[in-house]
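Encoded as structure tokens, the structure appears first; notes follow it.
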Amino acid sequence: MRAWTDVAVLAKTRSLAGGFVVKSTTGLPFLLRVGMEVAFVPPVTDLPRRARVSGITGATDTTARVLFEGIEDMSQAKALVGCHCLVRSELLDLESPAIGALSWIGLRVVDERFGDLGEVSDVLENPGQMLLEVVSSDRKSPLLIPLVDEFIVSADPFDARIVVSVPEGLLNL
């Protein structure tokens with residue numbers, strides 16, 4: 001089990017007090033809670049690399065306005081926009097079906113244009129984004145699909161399939 005899980009991205013600044021609009025990582029519900037420690041990735045020079053969530057307002061299933069201890073002004077917040085929030089995996093209920101991408105291993109991946117692409121063998125956490133590792137007997141090496149809203153059309157763990165729409169060039173890498 002990984003020690004840290006990428007759960008959200010700092011999408012944009014929200015207030016002069018250093019607040020953010022935070023969006024959950026693709027396939028995950030909004031998981032941040034007041035008091036949770038997060039690590040900002042990639043780290044930004046001269047700014048905190050970790051902080052605690054000090055306030056959450058306007059939460060929906062995938063977004064919220066969030067304040068962090070130690071991020072106190074707009075210039076600090078602007079420098080962190082685009083960073084991902086990693087949370088200690090032990091603080092998350094990884095067995096919950098709501099965790100989305102973390103439970104996608106073993107699901108079939110079907111592209112809207114290209115058909116069956118294979119089965120998810122792993123969900124890889126990279127600092128920039130998560131990747132679905134898809135294996136198929138038709139390919140020698142796994143296909144890596146960025147786990148981004150633009151590529152994921154739907155995911156249904158009960159139907160055991162993920163529908164994607166990937167650019168043709170991605171299949172040739």
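The values are calculated or read from the model by the stated rules, or taken from the named source; none is laboratory data. These numbers were taken from a predicted model, which means no experiment stands behind them. Counting neighbours? That spans all protein chains shown, and the Cβs are built from the backbone with ideal geometry, glycine included.
Restricting to the stretch 55-81, count the residues that are part of a loop (DSSP other than H, G, I, E, B), touching a residue at least 40 places away in the same chain (Cβ under 8 Å), under 21 Å from Val41 (Cβ atoms) and not β-branched (Val, Ile, Thr). Before you say what the answer is, go through the steps one by one.
To start, the set of residues in the stretch 55-81 that are part of a loop (DSSP other than H, G, I, E, B) comprises 58-62, 69-73, 81.
Applying the additional criterion that residues be touching a residue at least 40 places away in the same chain (Cβ under 8 Å) yields 71-73, 81.
Now drop any that are not under 21 Å from Val41 (Cβ atoms), which leaves 71-72, 81.
Those still in the list that are not β-branched (Val, Ile, Thr) too: 72.
Of the residues in the stretch 55-81, 1 are part of a loop (DSSP other than H, G, I, E, B), touching a residue at least 40 places away in the same chain (Cβ under 8 Å), under 21 Å from Val41 (Cβ atoms) and not β-branched (Val, Ile, Thr).
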The stretch 14-40, subset in contact with a strand residue (DSSP E or B) (Cβ under 6 Å, 6 or more places away or on another chain) and not in a loop (DSSP other than H, G, I, E, B), residue farthest from Cys83 (Cα to Cα): Glu37
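So if I check each of Gly27, Gly19, which one is modelled with pLDDT under 90, buried (at least 16 other Cβ atoms within 10 Å of the Cβ) and under 26 Å from Pro146 (Cβ atoms)?
Details: Gly19 fails: under 26 Å from Pro146 (Cβ atoms).
Answer to the check: Gly27.
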Members of the stretch 83-123 that are closer than 27 Å to Leu170 by Cβ, surrounded by 14 or more Cβ atoms within 10 Å (Cβ to Cβ), at pLDDT 80 or above and not β-branched (Val, Ile, Thr): Cys83, His84, Cys85, Leu86, Leu107, Arg108, Asp111, Leu117, Gly118, Glu119, Ser121, Asp122
